[in-house]
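In what follows, a single structure is set out as structure tokens and then discussed.
Just so it is clear, none of the values below were taken in a lab; they were calculated from the coordinates. It should be emphasised that the depicted structure is a prediction, and the values quoted were computed from it without experimental measurement. With ideal geometry, Cβ positions are generated from the backbone for all residues, glycine too; neighbour counts draw on all protein chains shown.
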């Protein structure tokens, strides 16, 4: 690290985009999107881009739509750290006070070398005016070591539970972080003023963690984690301080990010890759095939707190669809954002539907719209 400004432990500012660098025509690689909905219905989306792959050129951008996702702006804000510090894995989320948070990770990244420094760090800033197309954000704060690429949840206690992780599968293994190299839960008990590591689950064969947390109706916390055999799980009965030994959730999947969330109906929504069943995922894992094609992105509903899953609305059947994130608006419309062929198409897409569409497995509401284009760069044009 030659330049004192290239410090991943220092906050990168949320700034005005540079048209010659951050606008669509000048971007190539992009992926890992997130979505949120303001109280007035304005949609917000984020992802990271920069360079032709994951690496030191990565930055996070923010776009918006005021017509239910029919059209989207060019970036209205970016997080683009100097030098070889990358910004990546962004998350959007509204807290109980109505503030929209924009979270991202920062890590020192070597050119043509290791893109993860072993520590990284989760940063966040908030705005009170997500209804506006020109929000003003607070100064960024550092929340935890590691990465957080999925939304927090609010526990019944009112505390914020944030799914942070110090990766075990890549980067240097720093001795001082040995205690935190798990699928962690970082807690805020004061509405985002301070944050502290609560505990973490040790799920065997986890892959970049990418975990999500659900508070079950019996009071336990249910953590679902990306693994080489699909999705692993662990439970906590003491508000995240300790977790049960990790095990297979039997939800299947291709070793990729999924999405799970409690809906306004109190049912659970799961977005996963339906073509890789639990049985198939385990079989391929045993055969050593831990990386599998990502296709058939599908929505499911559980009406019994995750014991069984019904319905099955196919959102996108194509190979190369991945990394869903979602939000439900006040009228019950569910918006799922995901990426498609990051290196070839460079597309960010959205699906919009209602719970009844998922339960029936086919169009049942006038709100159903699939493969809505959010942004498309055309993919990498200068391959190394």
Somewhere in the range 174-181, is a residue crowded, with 21+ Cβ neighbours inside 10 Å and part of a loop (DSSP other than H, G, I, E, B)? no
For the range 12-30, give me each residue that is crowded, with 18+ Cβ neighbours inside 10 Å and under 20 Å from residue 135 (Cβ atoms). 12, 14, 17, 22
Please tell me if residue 145 is buried (at least 20 other Cβ atoms within 10 Å of the Cβ), over 30 Å from residue 267 (Cβ atoms) and over 19 Å from the mean Cα position of the chain (by Cα). no
Identify the residue in the range 207-228 that is buried (at least 23 other Cβ atoms within 10 Å of the Cβ) and assigned to a loop (DSSP other than H, G, I, E, B) and, among all such residues, is farthest from the chain's Cα centre (by Cα). 209
Please specify each residue of the range 230-255 satisfying the condition of being over 19 Å from residue 309 (Cα atoms) and assigned to a loop (DSSP other than H, G, I, E, B). 237, 238, 239, 240, 241, 242, 243, 244, 245, 246, 255
Every listed condition ((1) part of a loop (DSSP other than H, G, I, E, B); (2) surrounded by fewer than 21 Cβ atoms within 10 Å (Cβ to Cβ)) holds for residue 135 save (2)
Just give me the residues in the range 79-107 being under 11 Å from residue 58 (Cα atoms) and not in a loop (DSSP other than H, G, I, E, B), in sequence order. 79, 85, 86, 87, 88, 89, 105, 106, 107
Those residues that are part of a strand (DSSP E or B) and in contact with a helix residue (DSSP H, G or I) (Cβ under 9 Å, 6 or more places away or on another chain), I need them from the range 261-285; list them, please. 269
Inside the range 302-324, the number of residues satisfying the requirement of being in a strand (DSSP E or B) and under 16 Å from residue 217 (Cα atoms) is 1
Filter the range 333-374 down to residues that are under 23 Å from residue 40 (Cα atoms) and touching a helix residue (DSSP H, G or I) at 6+ places or on another chain (Cβ under 6 Å) and give me whichever is surrounded by the most Cβ atoms within 10 Å (Cβ to Cβ). 368
